[in-house]
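Asks: Quick one: the structure is below, and I'll ask about it shortly.
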Amino acid sequence: MNLLLILFFSKFIQAEKLQLWHQMLPTNRLILEGAVKDWEKANPEHQVHVIYRETEELRSGFQSAAMGGTGPELIYGPSDQVGPFATMKIIRPMDDLLTDLSEFDPLAVVKYQGSIFSVGDMVGNHLMLIYNKKLLQNPPRNTDELIEIGKKFTKDDNGDGKIDRYGLVWNFTEPYFFVPWVAGFGSWFLNDDFTPNLNSEGVIKAFSFVKSLRDVHKIIPQECDYEIANALFKEGKAAMIVNGDWSWGDYVNAKIDFGVVPIPMVSQTGLWPAPLVGTKGYSVNANVAPEKMGPTVDLLKHLLSTEVQKKFAIEVGILPSRASARQQDNDRMAGSSASMTKGKPMPIVPEVRAVWDSLRPVYQSILGGKMQPQEAGQKAQDEALRQISVMNEVVQPNWQASLLQGIFVLVALFALYKLFKALSGNTLFKPENRFALIMTLPAMAAVFFVIIYPLVFNFVLSFSNFSLRTFRDWQVVGFQNYFSVLSEKVFWVVFGKTIIWTAVNVLSHTVIGVFLAVLINQTLPGKRLMRVLLIIPWAVPQYITALTWRNMFNQEYGSINNMLTSWFHLSPVQWLGDPFNAFAACIITNIWLGFPFMMVVALGGLQSIPNDLYEAADIDGATSWQKFRNITWPMLTAVMYPAMTLGVVWTFNALNVVWLVSNAGEPADSTHILVSYVYKAAFNLYRYGYGAALSVLIFFILLGFGIKFLTANKATESIQ
Amino acid sequence: MKIKWKKVFAFVVLILFSLISIGPIIHVVGVSFRADQSFAVRDVFSGEWNWNNYIQLFTKTDFLLWVKNSTYVSFVVTLTGVVLASMSGYSLSRFRFVGRGALMLSLLVTQMFPATMLLLPFFIVLTKLKLINSFFGLFLIYSSTALPFCIWQMKGFFDTLPREIEEAARVDGCSWFQTWFRIVLPLSTPAMVITALFSFMASWSEYVVAAIVLQNPELYTLPIGLKSFQASLSTQWGFYAAGAVVVSLPVVVLFVTLSRYLVSGLTVGGVKG
């Protein structure tokens with residue numbers, strides 16, 4: 001039996017190979033895969049798995065993997081991930097691996113605290129002004145010209161009151177796409193030592209400037225994320241876009257004839273906006289096994305070689321990091337290089353993440369008209385300083401840690417005692433109980449390993465100081481995480497929102513579900529077809545439909561506003577840019593996703609109501625509502641209450657919808673519910689202990705609710 | 001006449017809700033037929049329509065491989081889920097043994113912890129068991145995360161079955177196992193079908209866990225494959241939408257064919273019928 005098990009297991013275990021994780025765009029991926037294939041041909045004894053992950057997932061995935069002691073040998077990504085990884089000690093210095101780097105652009109050799117942690121195969125990765133040559137021959141050189149040209153191109157061609165073409169588009173709501181302007185107004189968002197400088201004059205003036213492009217000069221769309229900006233430019237519905245060199249391949253594929261110039265100089269100051277200039281490159285995992293080090297370095301050298309870099313340069317037009325791989329300048333390259341000289345280096349210290357995270361909400365509040373630039377700068381600055389201090393905080397264990405250890409031991413002893421008592425009673429060994437146990441055991445074992453163990457692990461984590469600086473040597477410290485969660489105002493605000501979110505959703509699911517179930521539970525033409533259609537929101541995977549809803553909520557192009565304006569003659573609603581509306585949009589999406597489940601449960605419940613009850617009511621002359629109130633609903637509660645309990649638990653923890661519809665809490669982190677807040681706290685600021693404490697609290701809130709709701713409604717038969 | 005008007009009202013309301021249900025889906029289908037790779041901006045139905053996204057999806061990408069992997073994973077998970085859930089559901093429904101209450105409660109409780117925070121521990125467990133990068137790791141996690149709901153669901157259904165038949169079978173000399181296997185299970189088809197459907201859905205469209213477990217492109221399942229069309233700064237929406245339509249089809253077909261079981265078999269939380 002054991003042998004069989006081992007055989008069974010070993011069938012699933014793959015031989016280990018080299019792994020490379022990257023976040024390259026589709027066009028670049030092909031070249032990378034080709035380069036790796038070449039290397040495999042030259043080194044037939046090795047095999048490489050090339051794995052694509054989206055930038056943020058690459059980051060969090062690599063952190064988990066490295067934490068578990070594994071992960072890919074090589075990881076490719078933008079230079080700003082180097083700081084956090086090096087601080088966590090999950091990538092290793094490369095000074096001894098690559099000796100001759102003299103030919104590389106200094107920007108591509110990423111040093112952190114004196115050691116090289118990443119070597120880039122390209123430099124740039126910066127923003128510039130890209131213009132459609134078919135529409136525009138002379139790109140603007142300064143902001144006055146930008147506004148003038150922008151006005152010329154922002155047009156409503158067919159006179160339906162909707163703008164058909166914009167002068168300028170870009171992902172202006174995202175701070176990374178905003179900060180170049182700060183330099184144009186005379187300061188920078190970071191000090192020289194990478195501490196935040198968000199209340200400076202330049203930041204505040206740049207805030208007003210971007211807002212005026214939208215509200216005064218009206219040359220950019222009201223709402224514009226990356227997808228929309230890109231789509232508009234590709235369809236020729238925008239004359240200019242601010243975007244990075246990574247987008248070129250996309251535009252070439254879309255057959256757009258485009259030119260490249262630096263982001264226009266700010267006319268008032270005579271200063272140039274400064275895009276962040278960085279590199280993308282390879283880092284080496286700190287966990288690489290000694291026997292794999294040789295091939296890993298060999299592969300690394302191949303990927304950084306002149307030959308491979310040349311391929312990238314020729315086929316997607318990036319600027320190689322090796323001087324010998326650089327191609328003859330064409331117009332685009334010249335424009336890109338000109339932009340680069342005006343840029344500032346991409347900061348790589350982990351603290352920058354806190355700066356981005358503090359800038360984003362206030363910036364989006366300004367754009368939403370909820371805050372003044374002056375006040376916003378100060379607020380962002382304070383928040384950034386606060387986030388940096390919590391991020392770097394390393395809590396030392398105190399007396400609470402020993403207390404906790406004592407409690408852990410006591411709990412364990414108590415559990416053992418209970419178990420012993422249960423086993424020593426002879427009831428377990430009655431034949432039918434033995435049967436019952438054997439039947440339950442496999443499922444319980446699986447649930448125990450996969451769920452209970454992680455739960456306990458998280459519980460321990462919630463008392464620990466696990467964070468950015470203690471990634472590899474965290475310890476149990478005490479109750480500090482719980483104190484900081486409960487003492488923060490934002491926790492209570494988000495908690496309140498979560499309650500609204502859950503209540504509105506579950507009530508709507510139940511009301512709509514029961515209503516539709518009652519309606520469809522009669523003979524009607526097309527009943528079967530309608531039942532199928534009504535179940536569809538449940539059947540289609542959530543990650544697809546949630547993204548679709550996000551697009552449908554777009555202010556100018558979404559189908560919801562289209563319907564509101566053309567059918568009901570209402571003015572378009574700013575769904576995703578306004579905190580209240582964005583939250584409403586999430587709720588609407590979730591109601592849509594959830595009502596079919598309740599409908600099906602209610603339909604099942606309706607089958608078990610005997611028809612003679614209704615017949616008797618008919619004789620008494622009861623109205624439909626009376627019948628529903630006195631017969632249907634009381635009989636349905638037996639199914640609906642447990643379903644609603646599950647509904648509450650699921651809705652409370654529904655991360656997907658908030659994450660996908662409001663793009664991780666936008667605008668200004670105002671749509672968070674507790675789970676999305678946990679996710680952001682844990683993975684953005686690397687506060688895993690804090691995140692774990694928050695999850696434990698969520699867990700107890702739901703546990704309390706579940707027990708109370710089920711006992712109150714006498715639905716506990718199922719538990720007891 | 002009065003009754004007729006009520007039916008008309010019901011009919012109109014149902015039509016309205018049906019339209020709301022499929023609206024977003026039509027949007028996705030529309031994008032999947034479009035010639036470019038963008039999502040928003042243009043009216044879905046304007047412009048050029050063609051099959052190119054579908055053709056390229058099957059010929060230029062590893063889509064068929066992902067379909068194969070996903071089918072395999074979902075099949076195993078569904079089978080494990082139904083077998084284990086009907087076993088433990090039965091014993092939880094019929095026997096009063098020590099720790100039964102605690103077990104039932106702990107099953108419900110597992111649903112209450114935010115799943116994202118479990119990812120790191122999942123990863124550590126799987127690494128220790130050397131199950132990273134294997135389908136077995138996926139089987140283990142998918143089956144056991146789907147199990148709590150499935151067990152509750154099966155237990156709830158068993159509760160509704162009258163005990164007299166089983167008692168008669170016992171008197172006739174059937175063992176407990178025979179009673180369960182020969183008498184109870186055949187009566188439980190609707191519940192098993194629903195349990196199967198849930199397990200299937202849980203594994204067919206799961207992304208987050210698959211993304212941490214599978215690190216070999218040859219093992220990719222459909223959701224990971226689809227996600228690879230979705231880069232942070234450049235998404236191939238046409239492929240993504242076409243893939244989404246193809247991914248959703250089997251689930252929709254399953255729902256349609258099983259819809260009669262859905263109504264009779266879904267007994268969340270156990271109701272005495």
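The values are calculated or read from the model by the stated rules, or taken from the named source; none is laboratory data. These numbers come from a predicted model, not from an experiment. Methodologically, a virtual Cβ is constructed for each residue, glycine included, from the backbone with ideal geometry; neighbour enumeration extends over all protein chains shown.
Asks: Taking the stretch A:527-542, which residues are within 10 Å of residue B:21 (Cβ to Cβ) and more than 7 Å from chain B (Cβ to nearest Cβ)?
Replies: A:538
Asks: Is there a residue in the stretch A:649-670 that is facing chain B (nearest Cβ under 7 Å), in contact with a helix residue (DSSP H, G or I) (Cβ under 7 Å, 6 or more places away or on another chain), within 30 Å of residue A:462 (Cβ to Cβ) and assigned to a helix (DSSP H, G or I)? Full working, then the answer.
Replies: From the stretch A:649-670, those facing chain B (nearest Cβ under 7 Å) are A:649, A:653, A:655; that's our starting set.
Next, only the ones that are in contact with a helix residue (DSSP H, G or I) (Cβ under 7 Å, 6 or more places away or on another chain) stay: A:649, A:653, A:655.
Narrowing further to those that are within 30 Å of residue A:462 (Cβ to Cβ): A:649, A:653, A:655.
Now restrict to residues that are assigned to a helix (DSSP H, G or I): A:649, A:655.
Scanning the stretch A:649-670, I find at least one residue that is facing chain B (nearest Cβ under 7 Å), in contact with a helix residue (DSSP H, G or I) (Cβ under 7 Å, 6 or more places away or on another chain), within 30 Å of residue A:462 (Cβ to Cβ) and assigned to a helix (DSSP H, G or I), so the answer is yes.
Asks: A further question on this structure: Would you check if residue B:171 is surrounded by fewer than 24 Cβ atoms within 10 Å (Cβ to Cβ), modelled with pLDDT of 80 or more and of a type outside the set (Gly, Ala, Ser)? Working first, answer last.
Replies: Details: surrounded by fewer than 24 Cβ atoms within 10 Å (Cβ to Cβ): yes; modelled with pLDDT of 80 or more: yes; of a type outside the set (Gly, Ala, Ser): yes.
Yes: the conditions hold for residue B:171.
Asks: Quick one: residue A:484 ticks every box in (1) surrounded by fewer than 19 Cβ atoms within 10 Å (Cβ to Cβ); (2) within 11 Å of another protein chain (Cβ to nearest Cβ); (3) assigned to a helix (DSSP H, G or I); (4) of a type in the set (S, T, N, Q) except a single one, so which number is it?
Replies: Single failed check for residue A:484: (2).
Asks: Still on this structure, please answer the following. May I ask you to verify whether residue B:104 is part of a helix (DSSP H, G or I), within 11 Å of chain A (Cβ to nearest Cβ) and buried (at least 23 other Cβ atoms within 10 Å of the Cβ)?
Replies: On the way: part of a helix (DSSP H, G or I): yes; within 11 Å of chain A (Cβ to nearest Cβ): yes; buried (at least 23 other Cβ atoms within 10 Å of the Cβ): no.
No; evaluated as a whole, the condition is false for this residue.
Asks: Further, regarding this structure: Anything in the stretch B:109-130 that is in a helix (DSSP H, G or I), without any contact (Cβ under 8 Å) to a residue 40 or more places away in the chain, facing chain A (nearest Cβ under 7 Å) and not hydroxyl-bearing (Ser, Thr, Tyr)? List them, or say none.
Replies: Matches in the stretch B:109-130: B:109, B:117, B:118, B:120, B:121, B:124, B:125.
Asks: Quick one: count up the residues across the stretch A:535-576 that are touching an Asp or Glu at 6+ places or on another chain (Cβ under 7 Å), crowded, with 23+ Cβ neighbours inside 10 Å and more than 24 Å from residue A:502 (Cβ to Cβ).
Replies: So the count comes out to 1.
Asks: While we're looking at this one, here's another question. Report, by residue number, each residue of the stretch B:139-175 that is closer than 23 Å to residue B:89 by Cβ and among the aliphatic types (A, V, I, L, M).
Replies: Of all residues in the stretch B:139-175, those closer than 23 Å to residue B:89 by Cβ come to B:139-170, B:174-175.
Selection gives B:140, B:141, B:146, B:147, B:151, B:154, B:161, B:165, B:168, B:169.
Asks: Which members of the stretch A:662-688 meet the condition of being under 11 Å from the mean Cα position of the chain (by Cα), under 20 Å from residue A:172 (Cα atoms) and hydrophobic (A, V, I, L, M, F, W, C)?
Replies: Residue satisfying the conditions is A:664 alone.
Asks: Is at least one residue of the stretch A:519-526 more than 30 Å from the chain's Cα centre (by Cα), facing chain B (nearest Cβ under 8 Å), assigned to a helix (DSSP H, G or I) and without any contact (Cβ under 8 Å) to a residue 60 or more places away in the chain?
Replies: yes
Asks: Could you tell me whether residue B:135 is facing chain A (nearest Cβ under 9 Å), modelled with pLDDT under 85 and surrounded by 17 or more Cβ atoms within 10 Å (Cβ to Cβ)?
Replies: Considered against the rule, which asks whether it is facing chain A (nearest Cβ under 9 Å), modelled with pLDDT under 85 and surrounded by 17 or more Cβ atoms within 10 Å (Cβ to Cβ), residue B:135 comes out as no.
Condition check ((1) more than 23 Å from residue A:468 (Cβ to Cβ); (2) without any contact (Cβ under 8 Å) to a residue 40 or more places away in the chain) across all residues:
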site	(1), (2)
A:57	no, yes
A:70	no, no
A:75	no, no
A:88	no, no
A:93	no, yes
A:97	yes, no
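Asks: Take the residues in the stretch A:594-610 that are surrounded by fewer than 23 Cβ atoms within 10 Å (Cβ to Cβ) and either in a helix (DSSP H, G or I) or among the acidic types (Asp, Glu) (or both); name whichever of them is nearest to the other protein chains (Cβ to nearest Cβ). Can you show your working first?
Replies: Residues of the stretch A:594-610 surrounded by fewer than 23 Cβ atoms within 10 Å (Cβ to Cβ): A:597, A:606-610.
Still in the running and either in a helix (DSSP H, G or I) or among the acidic types (Asp, Glu) (or both): A:597, A:606-607.
Details: A:597: 9, A:606: 8, A:607: 6 Å.
Restricting to residues being surrounded by fewer than 23 Cβ atoms within 10 Å (Cβ to Cβ) and either in a helix (DSSP H, G or I) or among the acidic types (Asp, Glu) (or both), the top hit is A:607.
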